[in-house]
Amino acid sequence: FTEVLLAHGAIVDSFDYSHAVLANFKNNGSNRRLTLVQADLFNMPFRRAAYDMVICLGVLQHTPDPDRGIHELWEKVKPGGKLVFDHYRRKLRNLLPPPLGVAGMLYRWYFLRLPEQRQFDTVKDVFDFWFPLVWRFRKSSIIQFILSRMTPIVNYFPHFGLIDRKMYYEWMLLDTHDAMTDIYKHRRTSHQIIKLLYSLGAIDIVVKHGGNGIEASCKKPK
């Protein structure tokens, strides 16, 4: 997202808690309009009410307290500015056991109880067992539905326009590992997000279902 914002002329302060900032620096560090920081969402080294736009994508659901995270981001938006974020959506299928619900939550319960140094290899072993079957029947929506109740695989076919089996394998493996081993995985309903934004005093609230779950935007009154 940093690259896209810079390409459109934005002055960007970007931060991440992880070492992802190093990859960001490698790709975008030469741009004078970018300031990169490794920091905690709950202790951001940025001025309050200073930003025309604050964007947080793919993060909040993985924090200990997403509601507090939204509050912290809101504090950085200046009057008249905009806040944009996403969040995993609460779905009935994530609460029910297979075959009524998806199998991923059961696998995740198992993977998280392994020593951290064993998690990736174990996820890969399970992934490698199921992937040939998922790929073989990738064009059958019925079989894919059945497999989703049996496997932990994050299936991207036919999305994103990836060029071949190898690329789908790599992307799906990495995101399956991410989905199965994240310590925090919070979910919210659209109503919960809307209620929170109203409590902040936000206006022009737009909350809809999107690719990552719930996509939300709002403005701070001037």
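The values are calculated or read from the model by the stated rules, or taken from the named source; none is laboratory data. Small disclaimer: the values here were computed from a predicted structure and weren't measured. Don't worry about glycine lacking a Cβ; one is built from the backbone with ideal geometry, like all the others, and counts go over all protein chains shown.
Somewhere in the stretch 158-180, is a residue buried (at least 16 other Cβ atoms within 10 Å of the Cβ) and in a strand (DSSP E or B)?
No, the stretch 158-180 has no match at all.
Can you say whether Val102 is over 19 Å from Gly213 (Cα atoms) and β-branched (Val, Ile, Thr), as far as the supplied structure shows?
no
Among residues belonging to the stretch 110-138 that are part of a loop (DSSP other than H, G, I, E, B) and free of Cβ contacts under 8 Å to residues at least 12 places away in the same chain, point out the one that is nearest to Lys166 (Cα to Cα).
Restricting to residues being part of a loop (DSSP other than H, G, I, E, B) and free of Cβ contacts under 8 Å to residues at least 12 places away in the same chain, the top hit is Phe137.
Any idea which of Tyr17, Tyr88, Tyr107 is in contact (Cβ under 8 Å) with a residue 24 or more places away in the chain, of a type outside the set (A, V, I, L, M, F, W, C) and in contact with a Pro (Cβ under 7 Å, 6 or more places away or on another chain)? I'd like the intermediate steps shown before the answer.
Numbers: Tyr17 fails: in contact with a Pro (Cβ under 7 Å, 6 or more places away or on another chain); Tyr88 fails: in contact with a Pro (Cβ under 7 Å, 6 or more places away or on another chain).
None of the others qualify; the one that does is Tyr107.
Is the stretch 173-191 home to any residue that is more than 21 Å from Val59 (Cβ to Cβ), of a type outside the set (Phe, Trp, Tyr) and not assigned by TED's automatic domain parsing to the domain that holds Asp65?
yes
Would you please name the residue that is surrounded by the most Cβ atoms within 10 Å (Cβ to Cβ), looking only at residues in the stretch 184-209 that are touching a Pro at 6+ places or on another chain (Cβ under 9 Å) and more than 13 Å from Pro66 (Cβ to Cβ)?
Ala202
Within the bounds of the stretch 89-97, is there any residue that is under 30 Å from Thr151 (Cβ atoms), in contact with a strand residue (DSSP E or B) (Cβ under 9 Å, 6 or more places away or on another chain), surrounded by 15 or more Cβ atoms within 10 Å (Cβ to Cβ) and modelled with pLDDT under 95?
Yes, the stretch 89-97 contains at least one residue that is under 30 Å from Thr151 (Cβ atoms), in contact with a strand residue (DSSP E or B) (Cβ under 9 Å, 6 or more places away or on another chain), surrounded by 15 or more Cβ atoms within 10 Å (Cβ to Cβ) and modelled with pLDDT under 95.
Determine whether the stretch 44-54 contains at least one residue that is in contact with a strand residue (DSSP E or B) (Cβ under 7 Å, 6 or more places away or on another chain), surrounded by 13 or more Cβ atoms within 10 Å (Cβ to Cβ) and acidic (Asp, Glu).
no
Only one residue in Lys208, Lys139 is assigned by TED's automatic domain parsing to the domain that holds Ala49 and among the basic types (Lys, Arg), so which one is that?
On the way: Lys139 fails: assigned by TED's automatic domain parsing to the domain that holds Ala49.
None of the other options fit; the residue is Lys208.
Is it true that Lys219 is of a type in the set (Lys, Arg) and in contact (Cβ under 8 Å) with a residue 12 or more places away in the chain?
Criteria met by Lys219.
For Val84, are the conditions met, namely being surrounded by 13 or more Cβ atoms within 10 Å (Cβ to Cβ) and under 19 Å from Ile205 (Cβ atoms)?
When the stated conditions are applied, Val84 passes them.
Hey, does the stretch 6-14 have a residue that's under 18 Å from the mean Cα position of the chain (by Cα), under 17 Å from Tyr184 (Cβ atoms) and not charged (D, E, K, R)? Steps first, answer last, please.
If we filter the stretch 6-14 for residues that are under 18 Å from the mean Cα position of the chain (by Cα), which is where we start, we get 14.
Okay, now just the ones that are also under 17 Å from Tyr184 (Cβ atoms), so none.
Within the stretch 6-14 (the criterion being under 18 Å from the mean Cα position of the chain (by Cα), under 17 Å from Tyr184 (Cβ atoms) and not charged (D, E, K, R)), the answer is no, since none of the residues qualifies.
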